[in-house]
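What follows draws every value from the coordinates through simple rules; no lab data is involved. Owing to the predicted nature of the structure, the values given are computational and were not obtained by experimental measurement. We place every Cβ from the backbone using ideal geometry, glycine too, and count neighbours over all the protein chains shown.
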């Protein structure tokens, strides 16, 4: 053995002398496939043949950190201190035409979760090919193209959406809902309704369970209303006169009034528009007074058949007509509360032989307007129908428009209408529009609205249309609307 080693050394030395001469830097061992190299006493590697470098005691090709390791060559090709390693995720890199994972195939992707879908977008089968979508998470078996979307906060089917609702494949079992990336039984015992109930549900405090929401449970903005179908707030659209409403913003006219003011059978409130006569209404509407004192434009289709036209002043009637109190109108169900006769002011054939406003009278049948009111100096004078203060000029000193009981018989239902009356001395003060008041006589036209036992009201004039009320300081139109006083209503400018 000792002789063989000596012979081996002599052969190496001879090769060095013959092949490289002085400065021999590598030893040739016929039993090795590679050239071996040594390191000098100073620590500097001996020179390897041109094109090679001494690494790990071997003359090897220079490494390149920009390229990955080659498979199964037992060389640190990328100079990272390891040899023959695959990429850091243990898979092929798509499109680089290299066998990154050292399995003998290139660009086939990998299927770490074994769901048959590769991150390169190809299904792994016996041939390493086949068209399919790309696996967006190669670590989870439940995630791949075509998988069922479940409530887990992940994109299970790789369509770019998370926990999306699918009618054909519910996210949760029946009786459960998907909330905060998990399926839960709708309940608000522990977490509260905002966390667990559906948008169309609310928390029942008595049972601690989610129950179907009602519009009464929904609070909407002033320009919205609760849709009964979805139980959500939707933007209001302007409604026509006669349509149910909640606030004035609901209506095209900007005015929402009590249905009772017009003796409509429906409860609640309806859209209305103050009017003195038909000319102030749309072509398919008429000015309607129901005998309560209130007036509004309403659709013709909604109204009873009226032989005469409503009025408050003479200009609304023809030259041969007079605006006078009459009871030719009847109200019948189902639209209205039944009434055989209703007293209102309408345009009627003029009877010149009758007394005119301001003339003395004893009974209303003597007067052309069918109204006889107490005068200032004993006795009575003929009056006139009215809608505002100026309609009463000529009736008497200080006459103003007031809503009074015009019932003809003691046993008949009460009706109210605005007619001109003459105040007794000291009966009224001179309270102007907007001034505080506690009772009707505090105001110039006996119009005190909003007063209670603890709150002062405001004086406001009689009216039958918006234009008689003018505008506020900011330019907004002041509405003429009916104010309730017990069972009667008075048309007054809105305070």
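Say R0 is 60 Å: what FRET efficiency, to the nearest 0.05, do residue 306 and residue 134 get from their beta-carbon distance?
0.20
Along the Cα→Cβ direction, 7 angstrom out, place labels at residue 64 and residue 182. What is the inter-label distance in nm?
5.3
Hey, can you rank 172-183, 380-391 by average C-beta count inside 10 Å, highest first?
380-391, 172-183
Work out, step by step, the length gained on full extension between residue 172 and residue 363: first 0.36 nm times the residue separation, then minus their alpha carbon distance; give nm to one decimal.
Full extension from residue 172 to residue 363 adds 60.5 nm.
In nm, what is the difference between 0.36 nm times the number of residues separating residue 216 and residue 246 and their Cα-Cα distance?
9.5 nm
Using 0.36 nm per residue, how much length does the chain from residue 318 to residue 430 gain when fully extended, once their Cα-Cα distance is taken away?
Here the segment from residue 318 to residue 430 would lengthen by 36.8 nm.
When the Kirkwood hydrodynamic radius is evaluated over all pairs of different C-alpha atoms of the stretch 244-421, what value in angstrom, to one decimal, is obtained?
Radius from the Kirkwood sum: 16.8 Å.
Express the relative contact order of the stretch 244-421 as a whole percentage, based on alpha carbon pairs under 8 Å and six or more residues apart in sequence.
15
Starting from the Cα of residue 116, step 7 Å along the direction of its Cβ; do the same at residue 237; then give the gap between the two resulting points in nm.
It works out to 5.2 nm between the two label points.
Pairs of alpha-carbon atoms within less than 8 angstrom and 6+ residues apart define the contacts here; what relative contact order does the stretch 415-495 have, in percent?
21
Go through 221-228, 449-456 and give me the packing order, highest mean Cβ count within 10 Å leading.
221-228, 449-456
If r is the Cβ-Cβ distance from residue 340 to residue 452 and R0 is 35 Å, what FRET efficiency results, to the nearest 0.05?
About 0.45, to the nearest 0.05.
Given points 7 Å out from each Cα along the Cα-Cβ axis, report the residue 376 to residue 485 separation in nanometres with one decimal.
2.3
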